[in-house]
2 protein chains.
Amino acid sequence: MKSIPIILLGCGGVGRQLLHHIISCRSIHYKQGIVIKVVGVSDSRSLLVSDDIMLTGMEDEFLAAICHAKSAGSPLKSPLNLGHCRLFTEKEAVEKIVATASSLGGTTGLAVVDCSASAETIDVLKHVSSLGSCVILANKKPLTCAIEDFEKLAFHFRRIRFESTVGAGLPVIASVTRLISSGDPISRIVGSLSGTLGYVMSELEDGKAFSEIVRAAKSLGYTEPDPRDDLSGMDIARKGLILARLLGWRINLADIKIESLYPSEFGPDSMSTEDFLAKGLSHLDEKLKERVATASLKGNVLRYVCVIQDLRCNVGIQELPKDSALGRLRGSDNVVEIYSRCYEKSPLVIQGAGAGNDTTAAGVLADIIDLQDLFA
Amino acid sequence: MKSIPIILLGCGGVGRQLLHHIISCRSIHYKQGIVIKVVGVSDSRSLLVSDDIMLTGMEDEFLAAICHAKSAGSPLKSPLNLGHCRLFTEKEAVEKIVATASSLGGTTGLAVVDCSASAETIDVLKHVSSLGSCVILANKKPLTCAIEDFEKLAFHFRRIRFESTVGAGLPVIASVTRLISSGDPISRIVGSLSGTLGYVMSELEDGKAFSEIVRAAKSLGYTEPDPRDDLSGMDIARKGLILARLLGWRINLADIKIESLYPSEFGPDSMSTEDFLAKGLSHLDEKLKERVATASLKGNVLRYVCVIQDLRCNVGIQELPKDSALGRLRGSDNVVEIYSRCYEKSPLVIQGAGAGNDTTAAGVLADIIDLQDLFA
């Protein structure tokens, strides 16, 4: 049996779902000759680590501790029934993670899995990577920091996986990586990488008013608490940056041209969420309605996409042919079109649900299993 | 630098294209810290092996030898300018391959790449696999033999790759494998896995007569020399079998229900290709025209698909909603829809060119690179 020891950073929806998946997949992995042992979990304030890493995985206990902490509205703390565990404070946590990576690096190996949404994990991830650990991310922030940090993190490219950062479980990163390895040069990637904006654009196409669509989307739970977090395009820009860097481009977030769906005078610094929803939004209806009509006259539809081509990454509304994979898109699915020598006239298209804790955590788990050959 | 020694079986279009790709990707792979060394190539009658395997790869020389042999209309033979090579006859070839696998198995490792279309390679592939070699296939036959042979071949599942057997370079096998690893149970796979039949079905949808479509497809070079090799559905059945076995089903080719697009009395045993094209085909027009019309009344279209569901694999014409990924398919692209817990209502869709030597060989090369962690 091959053992994969894991430290999990982030106890939110994705992290918890990952623990659930690891537990429910034990028999599947056992048949594949693999045991995933979760030896530590951390939230932003503390780290809970199994005393005896070689002994056994503590997934069930960690899950219980997380649920207990969350239901009590507090961070991980001195756990009930966790006799084999030690709790570390934020300050000690990084030291302990690095020490674990150092001790396991040369023997069994260690995988550090970042399911947080923090920009602060980059240093510890770089450190453990340099010590030989594998790094798996659902967190986009460490991959969208300064290019120099990204390059250090991705230096040992075979030991890092981040499929779930773009399109959740959809095999986008894996497909791009395969094309690059096979010498098939990628000329263009176009993606609708936000379920929320996919929904908004297909509702716009049906003639509804932008303000109504966004209010409905919010009440259906499709948007972030402040919908401007979706409408700004920033999250899609991060995904685009990850894809562009995968192509070897040395660019930063600041190099991406982002079209926000609201003007800066309606931004969070100038207007509360409530005011934006009640008043700001409707000012945007007319202009978008016109753009939809203009596109329609040409047989096109509007999509909010990320376009990666000719060393430029642009994020915003594009007119696209109604009968392309992106033009036909309805609802909240993600779609990515990849053009290369092998997929020149007709692109390689990957489509499906691109969000959700279940799907995202499943993508992380597939990444972990994909790294099995690096473990003893 | 990591070295991946390769023996290539099959000097046809895919095998040759693979050698081209390996040569043109040298600098890309070098940057990734990988050197692919082709140490032997074989056709059905002989094997040409580098004398000193550790010395260097002989890709250029092998390519020259293959081209020379092919242009002379003969098998590989005593090569010009190949001082470092030895030629083995068919009988010696298997022994030499096994001996190479045996000597390299415990050290650098060896990859045996089957780009032939032969049913005869299964024994040598099983043998080298048991000796620790990696096996990469574009050839479907060894994977669609008796289930017992398949299980022996796939026993060391991490050392075998066969992405190019289904949808050429499209990441179908990789995606199914990822879903299984992540414990996301697959409930249904539907695929249009033949460019030829994809073209035929979308032309039928446009109201053209079946006989005209097939004759046009043949003259455009879209079909096999005898179009019945496409119309029988056998090639798609093999792809379906590979997918079904990937799901863990212990089934054989005989368990697949295959709907041939021509009746047995028009088969190769009863009728020449010329007679089939000139006379047989037109007898099939009316019935297919009616089926298209019946489907259309219900808002459906006909597609020739492989359906894998509830432990059954069926290959044939299905009525599918016009607005599904498969229903929207036009032309010769392949499409695969995968339904699972994560992709329940809306499937994971993978679409793109599913044939061609370039794309198929690129898929094989990506498989080889994907195995790099198993090499020294």
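The values are calculated or read from the model by the stated rules, or taken from the named source; none is laboratory data. Owing to the predicted nature of the structure, the values given are computational and were not obtained by experimental measurement. Reconstructed Cβ throughout: ideal geometry from the backbone, glycine too, with neighbour counts over all protein chains shown.
Of a type in the set (Gly, Ala, Ser) and facing chain A (nearest Cβ under 10 Å): does that describe B:Gly327? Against the criterion (of a type in the set (Gly, Ala, Ser) and facing chain A (nearest Cβ under 10 Å)), B:Gly327 does not qualify. Just one residue in the set A:Val98, A:Val112 is touching a helix residue (DSSP H, G or I) at 6+ places or on another chain (Cβ under 6 Å), modelled with pLDDT of 90 or more, assigned to a helix (DSSP H, G or I) and on the phi < 0 side of the Ramachandran plot; that residue is A:Val98.
I'd like the residue in the range A:18-59 that is free of Cβ contacts under 8 Å to residues at least 60 places away in the same chain and among the hydroxyl-bearing types (Ser, Thr, Tyr) and, out of all such residues, is nearest to A:Thr121 (Cα to Cα). By that ranking, first place goes to A:Ser42.
Selection within the range B:184-222: residues that are assigned to a loop (DSSP other than H, G, I, E, B) and either under 21 Å from the mean Cα position of the chain (by Cα) or modelled with pLDDT of 95 or more (or both). The member of this set that is farthest from the other protein chains (Cβ to nearest Cβ) is B:Ala209. All conditions in (1) touching a Phe, Trp or Tyr at 6+ places or on another chain (Cβ under 9 Å); (2) assigned to a helix (DSSP H, G or I) hold for A:Glu265, with the sole exception of (1). Which ones in the range A:324-342 are in contact (Cβ under 8 Å) with a residue 12 or more places away in the chain and over 23 Å from the mean Cα position of the chain (by Cα)? A:Ser324, A:Gly327, A:Ser340, A:Arg341, A:Cys342 - these are the residues of the range A:324-342 that are in contact (Cβ under 8 Å) with a residue 12 or more places away in the chain and over 23 Å from the mean Cα position of the chain (by Cα). Within the range B:303-313, not a single residue is at pLDDT 95 or above, crowded, with 20+ Cβ neighbours inside 10 Å, at the interface with chain A (Cβ under 9 Å from one of its Cβ atoms) and touching a Leu at 6+ places or on another chain (Cβ under 9 Å). Looking across the range A:32-49, the residues that are outside any loop (DSSP other than H, G, I, E, B), closer than 29 Å to B:Leu179 by Cα and small (Gly, Ala, Ser) come down to A:Gly40, A:Ser42.
Among the conditions (1) at pLDDT below 95; (2) closer than 17 Å to A:Ser194 by Cα, A:Asn334 misses just one, which is (1). Based on what the data block shows, is A:Ala293 hydrophobic (A, V, I, L, M, F, W, C), over 24 Å from A:Phe157 (Cβ atoms) and within 14 Å of another protein chain (Cβ to nearest Cβ)? Judged against the criteria, A:Ala293 is not a match.
Suppose the filter is at pLDDT below 95, farther than 13 Å from A:Leu246 by Cα, facing another protein chain (nearest Cβ under 10 Å) and in contact with a helix residue (DSSP H, G or I) (Cβ under 9 Å, 6 or more places away or on another chain); does A:Gly132 pass it?
Considered against the rule, which asks whether it is at pLDDT below 95, farther than 13 Å from A:Leu246 by Cα, facing another protein chain (nearest Cβ under 10 Å) and in contact with a helix residue (DSSP H, G or I) (Cβ under 9 Å, 6 or more places away or on another chain), A:Gly132 comes out as no.
If we scan the range A:330-343, do we find a residue that is over 25 Å from B:Gly354 (Cβ atoms) and either of a type outside the set (A, V, I, L, M) or more than 10 Å from every other protein chain (Cβ to nearest Cβ) (or both)? Scanning the range A:330-343, I find at least one residue that is over 25 Å from B:Gly354 (Cβ atoms) and either of a type outside the set (A, V, I, L, M) or more than 10 Å from every other protein chain (Cβ to nearest Cβ) (or both), so the answer is yes.
Looking at this structure, is A:Thr177 in a helix (DSSP H, G or I), hydroxyl-bearing (Ser, Thr, Tyr) and buried (at least 20 other Cβ atoms within 10 Å of the Cβ)? Criteria not met by A:Thr177. If the condition is being closer than 13 Å to A:Phe276 by Cα and surrounded by 20 or more Cβ atoms within 10 Å (Cβ to Cβ), then the range A:216-231 contributes A:Pro227, A:Arg228, A:Leu231.
Condition (residue is of a type in the set (S, T, N, Q), more than 22 Å from B:Cys342 (Cβ to Cβ) and assigned to a loop (DSSP other than H, G, I, E, B)) applied to the range B:153-167: is it met by at least one residue? No, the range B:153-167 has no match at all.
Among the residues of the range A:205-221, those identified as of a type in the set (A, V, I, L, M, F, W, C) and under 21 Å from A:Thr294 (Cα atoms) are A:Ala209, A:Phe210, A:Ile213.
Inclusion of B:Cys25 among residues that are modelled with pLDDT of 95 or more and more than 19 Å from B:Ala101 (Cβ to Cβ) is warranted. The set of residues in the range A:12-22 that are more than 24 Å from A:Arg159 (Cβ to Cβ) and either more than 12 Å from chain B (Cβ to nearest Cβ) or touching a strand residue (DSSP E or B) at 6+ places or on another chain (Cβ under 9 Å) (or both) comprises A:Gly12, A:Gly13, A:Arg16. When only residues in the range B:354-376 that are in contact with an Asp or Glu (Cβ under 6 Å, 6 or more places away or on another chain) and under 24 Å from A:Arg341 (Cα atoms) count, which is nearest to the other protein chains (Cβ to nearest Cβ)? That would be B:Ala362. Scanning the range A:26-48 for residues that are among the hydrophobic types (A, V, I, L, M, F, W, C) and either within 12 Å of chain B (Cβ to nearest Cβ) or crowded, with 21+ Cβ neighbours inside 10 Å (or both) gives A:Ile28, A:Ile34, A:Ile36, A:Val38, A:Val39, A:Val41, A:Leu47, A:Leu48. Counting only residues that are among the acidic types (Asp, Glu) and surrounded by 12 or more Cβ atoms within 10 Å (Cβ to Cβ), the range B:267-300 holds 2 of them.
Just wondering, is there one or more residues in the range A:265-275 that are farther than 30 Å from B:Ile28 by Cα and in contact with a Leu (Cβ under 9 Å, 6 or more places away or on another chain)?
yes
Just one of the listed residues (A:Lys239, A:Lys257, A:Lys208) is crowded, with 24+ Cβ neighbours inside 10 Å and among the charged types (D, E, K, R), namely A:Lys239. Residues that are away from chain A (no Cβ under 14 Å) and part of a strand (DSSP E or B) were ranked within the range B:135-151; the one that is nearest to A:Gln372 (Cα to Cα) is B:Val135. Restricting B:Ala168, B:Ala154 to residues that are within 14 Å of chain A (Cβ to nearest Cβ) and in contact with a Ser or Thr (Cβ under 8 Å, 6 or more places away or on another chain) narrows the list to B:Ala168. Among residues of the range A:319-358 being assigned to a loop (DSSP other than H, G, I, E, B) and of a type in the set (Gly, Ala, Ser), the one that is surrounded by the most Cβ atoms within 10 Å (Cβ to Cβ) is A:Gly354. Is it the case that A:Ala138 is modelled with pLDDT under 85, closer than 19 Å to A:Val14 by Cβ and small (Gly, Ala, Ser)? Taking the combined requirement at face value, the residue does not satisfy it. Looking only at residues of the range B:2-11 that are away from chain A (no Cβ under 14 Å) and closer than 14 Å to B:Gly57 by Cα, we find that the one that is surrounded by the most Cβ atoms within 10 Å (Cβ to Cβ) is B:Leu8. Would you be able to say whether some residue in the range B:194-205 is more than 15 Å from B:Ile308 (Cα to Cα), surrounded by fewer than 20 Cβ atoms within 10 Å (Cβ to Cβ) and in the same structural domain as B:Gly331 (by TED's automatic domain parsing)? Scanning the range B:194-205, I find at least one residue that is more than 15 Å from B:Ile308 (Cα to Cα), surrounded by fewer than 20 Cβ atoms within 10 Å (Cβ to Cβ) and in the same structural domain as B:Gly331 (by TED's automatic domain parsing), so the answer is yes.
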